1. Ignoring ligands, DNA and RNA, how do A:SER8, A:SER19 rank by accessible area with a 1.4 Å probe, largest first?
2. With the full set of protein chains in place, find how many percent of the accessible area of chain A is carbon and sulfur; take the probe as 1.4 Å.
3. Report, largest value first, the span of the C-alpha coordinates of chain A along each principal axis, in whole Å.
4. Amide H neighbours of B:VAL12 under 5 Å, counting only residues 5+ apart in sequence or on other chains, H built in-plane at 1.01 Å?
5. If you count, for every residue in A:81-94, the Cβ atoms of partner chains within 10 Å of its Cβ, what is the mean?
6. Give the average, rounded to an integer, of partner chain Cβ atoms located within 10 angstrom of each Cβ in B:53-59.
7. Can you list the GluC sites (Glu not before Pro) in the stretch A:1-101 that are in a DSSP coil and have 15 or fewer other beta carbons within 10 angstrom?
8. Can you list the lysines whose alpha carbon is less than 20 Å from that of B:LYS18, not counting same-chain residues fewer than 8 positions off?
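The values are calculated or read from the model by the stated rules, or taken from the named source; none is laboratory data. As the structure is a computational prediction, the values presented were derived from the model and not from experiment. Note: ideal-geometry Cβ built from the backbone for every residue, glycine included; neighbour counts use all protein chains shown. Accessible surface areas use protein heavy atoms only, side chains included; no ligands, DNA or RNA. Shrake-Rupley method; radii C 1.70, N 1.55, O 1.52, S 1.80 Å.
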Amino acid sequence: DQQVKQNSPSLSVQEGRISILNCDYTNSMFDYFLWYKKYPAEGPTFLISISSIKDKNEDGRFTVFLNKSAKHLSLHIVPSQPGDSAVYFCAASDGGTSYGKLTFGQGTILTVHP
Amino acid sequence: ETGVTQTPRHLVMGMTNKKSLKCEQHLGHNAMYWYKQSAKKPLELMFVYNFKEQTENNSVPSRFSPECPNSSHLFLHLHTLQPEDSALYLCASRGQNTGELFFGEGSRLTVL
């Protein structure tokens, strides 16, 4: 049973436009959510996170939105750049920031075309 | 120095071989993790170590044996693996007051 799901395996976006990556979860105990980015032949790198006490967190071009009632979060990248092309993983934890046991989604391949 | 370093980056082994994957972190973190990434599957947590003590074994077969001699080093000893164990094995570390994991670049394992 997959507790974190990214239902879109891939997303293609034009440079300068908005990229929206979606993630759904089933475990209501999850209280901390993260997005990771992964280039080929590299490990995942942390991008942005959000605690369940918030519904939005912004960092430069990246914004994460959390809808707890729908058990849904999304990552917005605006404007998108070709260098953003990578695999994006959503992850969730049920231990707040102190535990760090993350459950990951399958990933979404983002391609940003020039 | 990079934060989390894994060696080897690539490993090919037969089902009867014994090999080890090594992970080293230079971030001063106290928690270290092994994750497995198979093709078209989410990252799967295998083991967690906090202050050198194993705190999580996610029902991993005994042919995978972790070792954490200190907070900076983590090993994954491999023996009598199966072809379906072929995957990318990722090591990660975490600081005490943060929920973010810092990953290494992974060890790509192929079992023939």
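1. A:SER8, A:SER19
2. 50
3. 40, 28, 23
4. Amide H neighbours of B:VAL12, under 5 Å, 5+ apart: B:THR110.
5. 1
6. The mean count of partner-chain Cβ atoms within 10 Å per residue comes to 1.
7. Taking the stretch A:1-101 and a limit of 15 other Cβ atoms within 10 Å, the loop GluC sites (Glu not before Pro) found are A:GLU15, A:GLU42.
8. B:LYS36
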